[in-house]
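To keep things clear, I will list the structure first and then write my remarks on it.
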Amino acid sequence: MFQIVWKNLPSFTVKHFCSGNTAVAFRCSMPNLVKLTEDSFSELVQSAVSALQEGSLIALPTDTLYGLAALAQKSEAIHEIYRVKKRNPLKPLAVCVAHVADIYHWAKVTVPEKLLLELLPGPVTLVFQRTSILNVDLNPDTDLIGIRIPDSKFIREISIACGAPLALTSANISNQKSPLAVEEFQDIWSNVAVVYDGGIIGKQINLAASSSIVQLEQEIDLSRPNKSVTQDSSKITSFETCVREGSTVVNLSIEGHYSVLRDGIALENTLSILQKFGLKSLN
């Protein structure tokens, strides 16, 4: 028989996860807030897949920031991301896949596979021409698509189990600071089926000893090299903060060339690999 363990979270709907002979039921009012642990990893992957396949949004950690994810092939879920984030409908979303081989299904790759394998998984978004099988309601105003393979086992396992790419963006209202902890996007919890808490992402910095910039979400224009729009942080109230850089975004849609759309967290390594394979800059 199952042992039932109740986790009392303030005002939540009831969710169930089974592990061995233990069924864990959560009572919640807002979405289900779940701590990511190795012991429950497989069960949590399945819970995420179930929520996504029902057309819901989930929030989860990536290798750069906390992300808001939906199935890229579900149009209503894509529209919901824009509604929840209050995002400009002309601003495209990237997609996340699990393996380099998956990229070829959704994009017209212009670079050697060895280049992709050197860059990915990692904090890099690669922009290519999209293929016709990608949801037409995803970024309908451009024929380009940004693709990521985060260095995060959890999100990659979710993509594998779904058998489809995830639309992925930062888990915050547009133009607010990009979140490194679940507490930083509580204002959208009520619109998310499950929030997966993987702890704080990123390196903490002592502001007294560093002039590092705290960045807000950067909106990327796929058609214009290095034209990300960054909002300055005018109020820093904590002595300890974190650098909030998203992935480095590079347009590779023109064979033999690249253009940097956002510097991001991995620019130096990305440029080194692109130049190693003989690609020329359009910036």
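Between Ala181 and Asp137, the simple label model (points 7 Å from Cα in the Cβ direction) yields a spacing of 3.7 nm. Label reach from Lys35 (point 7 Å along Cα→C-beta): in region 160-183, amide nitrogens under 16 Å belong to 182-183.
3J(HN,Hα) couplings calculated from phi for region 266-278 with the Karplus curve 6.51 cos²θ - 1.76 cosθ + 1.60 (θ = phi - 60°) are, in sequence order, 10, 4, 4, 5, 4, 5, 4, 6, 4, 6, 4, 8, x Hz; Gly and Pro show x. For a 29 Å ceiling on Cα separation, which of these pairs sit above it: Lys91/Lys177; Lys153/Lys177; Lys153/Lys280; Lys35/Lys276; Lys85/Lys114? Those over the limit are Lys153/Lys280; Lys35/Lys276; Lys85/Lys114. Here region 138-180 is scanned for amide nitrogen atoms under 16 Å from the site 7 Å beyond the Cα of Asn269 along Cα-to-Cβ, giving 148-153. For a modelled paramagnetic label at Leu90, 7 Å from Cα along Cα-to-Cβ, the residues of region 134-156 in reach, with backbone nitrogen under 19 Å, are 137-146.
Values in this text are rule-based calculations from the coordinates and carry no lab data. As the structure is a computational prediction, the values presented were derived from the model and not from experiment. Quick reminder, even Gly has a Cβ in these numbers, built from the backbone with ideal geometry, and neighbours come from all protein chains shown.
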